[in-house]
Amino acid sequence: MLVTYSYGSDIFRSENLLRDIIYNALLYCDMNCRREDPNLFGRSDLLIVTPQSNYVFEFKLARADSDVSVLAKQAVEQMQKRCYGTGLTGKALYRLIGVFSKKSRKLLVLQNVA
């Protein structure tokens, strides 16, 4: 989806802009989703609710590809420390982190967080 934007588009300018583009695409597909979904400890970037599952996302934007592994680790720690998704009950819960590369303009890491 993100590669369909022209190369001159500056959608990789910020993490928030990337999240909002993903959120709007999901809304267009009639998905039940919320951005910056709050809990007592913070706000996850995106929550997708389906009849069977809840998907909680934390996104990071790597300005240099050398930052990818550090940002992935930070995203995992943030999701665990802030307990994203723990208040969602009754369905399968998937907690995922994604790290985008500003340089290569794509998602480099998508990881499930236990």
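Scanning the stretch 70-102 for residues that are aliphatic (A, V, I, L, M) and part of a helix (DSSP H, G or I) gives Val70, Leu71, Ala72, Ala75, Val76, Met79. Of all the criteria given as (1) modelled with pLDDT of 85 or more; (2) surrounded by 13 or more Cβ atoms within 10 Å (Cβ to Cβ); (3) not basic (Lys, Arg), the one not satisfied by Phe12 is (1). Specify the residue that is farthest from Ser44 (Cα to Cα); the eligible residues are those in the stretch 77-90 that are surrounded by fewer than 17 Cβ atoms within 10 Å (Cβ to Cβ) and free of Cβ contacts under 8 Å to residues at least 40 places away in the same chain. This residue is Gly90. The condition of being within 25 Å of Phe12 (Cα to Cα), assigned to a strand (DSSP E or B) and acidic (Asp, Glu) holds for only one of Asp67, Asp45, that being Asp45.
For the stretch 68-95, taking the residues that are more than 17 Å from the chain's Cα centre (by Cα) and not aliphatic (A, V, I, L, M), the one that is modelled with the lowest pLDDT is identified as Thr89.
The values are calculated or read from the model by the stated rules, or taken from the named source; none is laboratory data. Remember, predicted model here, so these are calculated numbers, not experimental data. All Cβ positions, even for glycine, are placed from backbone atoms using ideal geometry, and neighbour counts span all protein chains on display.
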